[in-house]
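Throughout, read-outs are computed from the coordinates displayed, never taken from laboratory work. If you're wondering where the values come from, they're calculated on a predicted model, not measured in any experiment. Cβ atoms come from the backbone with ideal geometry, glycine included; neighbour counts cover every protein chain shown.
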Amino acid sequence: QQPVQSPQAVILREGEDAVINCSSSKALYSVHWYRQKHGEAPVFLMILLKGGEQKGHDKISASFNEKKQQSSLYLTASQLSYSGTYFCGTEIKFRDDKIIFGKGTRLHILP
Amino acid sequence: DSGVTQTPKHLITATGQRVTLRCSPRSGDLSVYWYQQSLDQGLQFLIHYYNGEERAKGNILERFSAQQFPDLHSELNLSSLELGDSALYFCASSEAPSGASYNEQFFGPGTRLTVL
């Protein structure tokens, strides 16, 4: 039931774009994205709901393809501050009462 | 600062022992979630309480238990500790039970447990 994230790790230069994928073997109700910087707690980025719109703020956006049970996180013109581990979490039904997170994608931005 | 507090920050103990981790949610949040984070497993969901009631369980070991008190703080009890229980334990709080578009979870700073 744990979603699968890809790639496991990626190294970019500042200003480059990145895409992080999250896929599930089960139909999904929602997908949650969090970022965790080294030595810190995870921080919320966004939630995408079934039937909802693509979301985004600043240069980070995400899409949710319900038919393919997949979500993608897009980081455009990456900044040094984007470095960290990105987790997707999934709920398979409304009021699932739990979010199951993937193993994370480590993103390292070089100057 | 997320507004969620966890104590202690670090805990070092021996195998076979029992420990209690404490979490105080953000003011007004009724939901508390517990997660275990080890190097190769990401964030593993353990258990969710909403307003004192257990709402969902993940792959939580029988040696582990939790509760949420009337003042909404929560405790995670780990007993008969094994080396493999060494990990970072996070709690997170949110307003809603789940399934709502505003169900952002706010994570505490975590408790690092080391079992020797």
Quick calc, the stretch B:4-81, dipole around Cα centre from Cβ unit charges on Lys, Arg (+) and Asp, Glu (-), nearest 20 debye, gives 160 debye
Using only C-alpha positions, report the orientation-averaged shadow area of the convex hull of the stretch B:1-45, nm², one decimal.
4.4 nm²
Pseudo-spin-label distance residue A:43 to residue B:62, built 7 Å along Cα→Cβ, given in nm, is 4.2 nm
Just how large is the dipole of the stretch A:24-111 about the Cα centre, in debye to the nearest 20, putting +1 at every Lys and Arg Cβ and -1 at every Asp and Glu Cβ?
220 debye
Karplus (6.51, -1.76, 1.60) ³J(HN,Hα), θ = phi - 60°, over the stretch A:3-18, in Hz, Gly and Pro reported as x:
x, 9, 9, 8, x, 6, 8, 8, 10, 10, 9, 3, x, 7, 9, 9
If R0 = 30 Å, then residue B:83 and residue B:7, at their Cβ-Cβ distance, give a FRET efficiency to the nearest 0.05 of 0.80
Selection of trypsin sites (Lys or Arg not before Pro), the stretch A:1-50, meeting DSSP coil and at most 16 other Cβ within 10 Å
A:26, A:37, A:50
Residue-wise HN-Hα coupling along the stretch A:86-103, computed from phi with Karplus coefficients 6.51, -1.76, 1.60 (Hz; x: Gly, Pro)
9, 10, 9, x, 10, 10, 9, 7, 4, 6, 5, 6, 7, 10, 9, 8, x, 7
For B:39-46, what's the mean count of beta carbons from other chains sitting within 10 Å of each residue's beta carbon?
5
How many percent of the alpha carbon pairs in chain B exceed a separation of 24 Å?
19 percent
Counting partner chain Cβ atoms within 10 Å of every residue's Cβ in A:28-41, what's the average?
3
What relative contact order, as a whole-number percentage, does chain B give when Cα pairs under 8 Å and 6 or more residues apart are counted?
37 percent
Total formal charge among the other residues, if their Cβ is under 15 angstrom from that of residue B:61, Lys/Arg +1 and Asp/Glu -1:
0
What is the dipole size for the protein assembly as shown, taken about its Cα centre, with +1 at each Lys and Arg Cβ and -1 at each Asp and Glu Cβ, in debye to the nearest 20?
360 debye
Across B:71-83, the residue-averaged tally of Cβ atoms belonging to other chains within 10 Å stands at 0
Find out how many positive minus negative residues lie around residue B:80, taking Lys and Arg as positive, Asp and Glu as negative, among other residues whose Cβ is under 15 Å from that of residue B:80.
-1
R0 of 22 Å, Cβ-Cβ distance residue A:59-residue A:11: FRET efficiency to nearest 0.05
0.75
DSSP loop trypsin sites (Lys or Arg not before Pro) in the stretch B:1-92 with at most 11 other Cβ atoms within 10 Å of their Cβ, which ones?
B:9, B:18
State, in angstrom, two size descriptors of the protein assembly as shown derived from its alpha carbons: Rg to one decimal place and Dmax to the nearest whole number.
17.4, 50
Two decimals is fine: what is log10 I(q)/I(0) at q = 0.17 Å⁻¹ for chain A, from a Debye sum with one equal scatterer on every Cα and no solvent?
-0.74
Along the charge dipole of chain B, pointing to its positive end and built from +1/-1 on Cβ of Lys, Arg, Asp and Glu, which listed residue (B:33, B:110, B:72) has its Cα farthest out?
B:110
